[in-house]
1. Taking the Cα-to-Cβ direction at Glu62 and at Arg84 and moving 7 Å from each Cα, how far apart do the two end points lie in nm?
2. Using a Förster distance of 35 angstrom, determine the FRET efficiency expected from the C-beta separation of Gln71 and Leu32, and round it to 0.05.
3. If packing is taken as the mean number of other Cβ atoms within 10 Å per residue, what is the order of 45-56, 61-72, highest first?
4. Which value results when the Cα radius of gyration for region 44-86 is divided by 2.2 N^0.38 Å?
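Throughout, read-outs are computed from the coordinates displayed, never taken from laboratory work. For clarity, every value in this text was computed on a predicted model and none was experimentally measured. Cβ placement follows ideal geometry from the backbone for every residue including glycine, while neighbour counts extend to all protein chains displayed.
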Amino acid sequence: MSDKNDLYTDDLYTDDRGEMDTIGTQPVADVLPPPHLLVIPDEGVKVTLTLSRDSVAFFKAEAEKNRVPYQRMIRALLDEYARRHR
């Protein structure tokens, strides 16, 4: 695994599996988070909620553009709202 300060350089184009280690001619900083930060625990609670048709239509359209479930977008919005107002 790479350290967060690692840079990829031109002299390392591919490894023995054919994976790229560089992009173009400039070194690229490794900005990916470690694996344990990619997994977000889901401690969800199911609720029944009545939303306006316009709101649901908006989230469905945006979710389709971003290729994610619209429920996930609504949940993320509510989570962020709660986080900011705690």
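1. The two pseudo-label positions are separated by 1.1 nm.
2. Efficiency for this residue pair is about 0.85.
3. The peptides rank, most packed first, as 61-72, 45-56.
4. 1.22
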